[in-house]
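*Asks:* Pasting a structure below so you can have a look.
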């Protein structure tokens with residue numbers, strides 16, 4: 001965000017004496033019209049007076065040591081997303097003897113970086129980890145005032161309210177939740193007043209936006225994982241009302257008629273996607289896993305959603321008296337969670353939902369189209385995020401039983417016991433908590449249709465024996481039961497592993513491998529079909545324009561070039577997450593290279609400005625141009641020749657690296 005040097009957001013150093021005199025009159029409650037004091041500062045002073053802040057306070061208060069650790073746990077997502085930004089800016093600010101820090105929404109310092117001299121000076125006023133810089137306890141300062149205003153602010157010297165802080169200058173910007181807009185914290189750069197620079201605020205705002213983009217990327221990945229883990233439970237409760245919440249207690253999605261559920265059970269709680277239900281904010285629990293069940297709900301409605309490492313969120317299963325018929329289908333939206341598909345729930349050609357025209361993807365589609373008509377097992381081989389479930393659904397829809405159920409199970413997402421009950425079902429009384437009357441498993445739910453077993457390579461060996469028997473005999477026996485139930489199911493499996501290597505190492509049964517690998521299809525990773533980037537981006541642009549109710553963005557050619565030059569280890573899923581974060585956080589009609597995440601920047605990761613995609617053209621003979629344009633071209637040429645290495649670029653220009661970053665800030669503010 002470019003900041004004009006004459007903006008009211010930027011302090012005027014020449015006014016320091018005027019501001020100091022005004023402060024003296026203000027604290028003495030003398031007649032004072034506010035002349036010479038910026039409105040943002042005067043409004044803060046008035047808030048300080050309202051809550052009786054002592055202007056003689058020598059330093060910020062400190063929260064107790066144990067409380068700091070607890071605050072860091074509560075704000076783990078914020079700290080994790082901010083840490084790479086702090087590391088990147090530490091080198092930039094080293095020469096300026098400044099501190100950079102992340103604070104929570106109350107203004108308490110959680111993470112801090114800076115060289116030792118600056119740290120020592122900061123500790124004297126408790127500008128250190130655990131220091132609370134809320135405006136209500138230490139007066140006007142960039143951290144506390146940014147919290148109070150939810151706006152970026154820069155405070156210089158005499159503008160501070162408390163006397164001992166007046167030797168400092170600071171710039172801060174709020175960090176907002178990319179989904180709800182909730183204030184998560186503040187990013188701040190502080191130093192002694194001699195380090196003041198008007199460009200610092202612009203740097204802080206850009207860094208805060210980078211943290212928000214990383215939070216959006218992580219949040220999107222976490223929500224996708226949550227949906228993947230919860231989809232099987234959704235299948236199991238066809239007639240119930242369901243509410244899925246993430247680990248912060250925000251509603252991700254719902255299913256069923258909540259109004260009827262409220263009438264049936266007599267509660268008034270509403271669940272709108274994006275709204276937060278505080279009782280389910282796991283970050284605010286000491287253990288991070290327990291939920292205090294609120295009085296309006298029954299304890300057995302709560303179903304924790306976890307992976308092998310941690311609790312991802314909560315699923316509320318609200319029982320209904322009237323069941324809604326279902327065949328266990330997942331929605332078209334769930335089918336597209338690996339990305340790359342269209343938004344049409346039903347299409348004339350099932351394979352048209354797979355986006356791309358490269359030779360590799362066309363070959364994979366052609367083979368899948370041929371095997372769709374064959375009632376034989378299919379094994380999909382491809383990296384995570386390459387669209388295996390999308391292919392499985394297209395094969396099912398193009399087959400002879402398109403109207404029959406399609407049921408998906410992620411074999412790597414469940415423990416052995418849960419996987420057994422999910423696949424084979426269970427009889428009444430088979431184990432503690434078993435549903436009355438028992439429960440059919442996925443094989444029975446998919447009878448007549450298709451069962452998709454994702455991550456088949458993660459299935460335990462003893463489970464592989466049971467699966468082989470079902471495939472050979474076409475009968476299933478529920479856990480705790482002796483009755484054989486005939487099933488007719490087409491099995492499609494998928495894995496990112498090299499199963500043949502697992503067979504050789506004894507980790508996967510050879511007879512099961514040959515039973516499943518009748519019709520193998522290899523799905524190309526995105527790095528082998530980079531020519532599809534443009535059409536995938538165009539599709540995602542339309543998709544997110546509809547999702548966020550905006551017009552599609554214009555994508556700068558440099559963005560497409562950077563995307564074509566990247567390896568995409570997370571494949572289409574990673575592309576989708578990156579593009580959604582850029583789209584959601586962009587405040588203009590154009591997505592340019594400065595909005596790319598650091599992993600996609602040319603040159604070293606974490607640099608403030610990516611190197612340009614091409615060498616700037618020198619002026620032709622006889623051509624004249626403004627001095628600013630000559631300087632702009634020289635800076636961009638130096639960065640390009642240095643491959644994005646800012647130290648080398650600064651050396652080539654004969655300036656310090658901090659001066660180079662100032663020049664970069666000017667370029668970003670003036671545009672190309």
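*Asks:* Where does each of 296, 301 land when they are ranked from fewest to most other beta-carbon atoms within 10 angstrom?
*Replies:* Ranking 296, 301 by Cβ neighbours within 10 Å, fewest first, gives 296, 301.
*Asks:* Viscosity 1.567 mPa s, temperature 4 °C: Stokes-Einstein D of the stretch 150-190 from its Kirkwood Cα radius, in µm² per second?
*Replies:* Answer, rounded: 115 µm²/s.
*Asks:* Over its Cα atoms, what ratio of radius of gyration to 2.2 N^0.38 Å does the stretch 180-264 give?
*Replies:* Rg over 2.2 N^0.38 Å, computed on Cα atoms: 1.74.
*Asks:* Follow-up question, since we're still on this one. So if each residue of separation counts as 0.36 nm, and I subtract the Cα-Cα distance between residue 362 and residue 530, what length gain in nm does that give?
*Replies:* 59.1 nm
*Asks:* Could you calculate the contour length gain from residue 13 to residue 62, that is, 0.36 nm times the residue separation minus the distance between their Cα atoms, to one decimal place in nm?
*Replies:* Computed gain between residue 13 and residue 62 is 14.6 nm.
*Asks:* Using Cα-only point scatterers and the Debye equation, what is log10 of I(q)/I(0) for the stretch 38-146 at each q in 0.09 Å⁻¹, rounded to two decimals?
*Replies:* Listed by q, the Debye log ratios stand at -0.25.
*Asks:* Now for a different question. Apply the Kirkwood formula to the stretch 515-578: the hydrodynamic radius equals the inverse of the mean of 1/r over all pairs of different alpha-carbon atoms; give it in Å with one decimal.
*Replies:* When all Cα pairs of the stretch 515-578 are included, the Kirkwood radius is 13.3 Å.
*Asks:* Residue 95 versus residue 514, label points 7 Å from Cα toward the beta carbon: distance in nm?
*Replies:* Going from the residue 95 label point to the residue 514 one covers 6.9 nm.
*Asks:* For the stretch 90-184, what percent of Cα pairs sit more than 20 Å apart?
*Replies:* I get 32 percent for the Cα pairs in the stretch 90-184 exceeding 20 Å.
*Asks:* Report the Cα centroid-to-centroid distance between the stretch 464-531 and the stretch 133-203 in angstrom, as an integer.
*Replies:* Using only Cα atoms to place each centre, the spacing works out to 57 Å.
*Asks:* Subtracting the Cα-Cα distance from 0.36 nm times the residue separation, let me have the gained length for residue 307 to residue 119 in nm, one decimal.
*Replies:* 63.7 nm
*Asks:* Give the dimensionless ratio obtained when the Cα radius of gyration of the stretch 445-505 is divided by 2.2 N^0.38 Å.
*Replies:* 1.24
*Asks:* So, one more: Would you please classify the overall shape of the stretch 13-199 from the alpha carbon gyration tensor, given that a ≥ b ≥ c denote the square roots of the eigenvalues, rounded means a/c under 1.5, and beyond that prolate means a/b larger than b/c while oblate covers the rest?
*Replies:* Because a/c hits 1.5 or more and a/b exceeds b/c, the stretch 13-199 counts as prolate.
*Asks:* Also, I was wondering about something else. Give me 365, 492 sorted ascending by neighbouring Cβ count inside 10 Å, so fewest comes first.
*Replies:* Taking fewest neighbouring Cβ atoms as first place, the list is 365, 492.
*Asks:* Related question: With viscosity set to 0.890 mPa s and temperature to 25 °C, compute the Stokes-Einstein D of the stretch 237-318, Rh being the Kirkwood radius across alpha carbon pairs; µm²/s, no decimals.
*Replies:* In µm²/s, the coefficient is 190.
*Asks:* OK, next. How high is the FRET efficiency from residue 542 to residue 150, r the C-beta distance, R0 35 Å, rounded to 0.05?
*Replies:* So, using R0 = 35 Å, E works out to roughly 0.60.
*Asks:* Here's a follow-up. Going by Cα centres, the stretch 64-121 and the stretch 403-450 are how many Å apart?
*Replies:* Here the two parts' Cα centres lie 48 Å apart.
*Asks:* Moving on. Which FRET efficiency value, to the nearest 0.05, is calculated for residue 255 and residue 218 with the Förster distance at 25 angstrom and r the Cβ-Cβ distance?
*Replies:* 0.50
*Asks:* State, to one decimal in nm, how far the label point of residue 182 lies from the label point of residue 501, with both points 7 Å from Cα in the Cβ direction.
*Replies:* So the two model labels end up 4.2 nm from each other.
*Asks:* Extending each Cα 7 Å along its Cβ direction at residue 428 and residue 587, get the distance between those two points in nm, one decimal.
*Replies:* So the label points at residue 428 and residue 587 sit 6.2 nm apart.
*Asks:* Determine the principal axes of the Cα atoms in the stretch 332-524, then give the extent along each, sorted from largest to smallest and rounded to whole angstroms.
*Replies:* Computed over the Cα atoms, the extents are 52, 39, 26 Å.
*Asks:* Quick check on the exposure proxy: order 415, 254, 200 from fewest to most C-beta atoms within 10 angstrom.
*Replies:* Ranking 415, 254, 200 by Cβ neighbours within 10 Å, fewest first, gives 415, 254, 200.
*Asks:* Restricting to the stretch 120-220, what percent of DSSP beta bridges are antiparallel, rounded to 5?
*Replies:* 100 percent
Read the figures in this text as sums done on the coordinates, not as results from a lab. Since the structure is predicted, the reported quantities are computational estimates derived from the model, not experimental observations. As a convention, Cβ positions derive from the backbone with ideal geometry for all residues, glycine included, and neighbour counts pool all protein chains shown.
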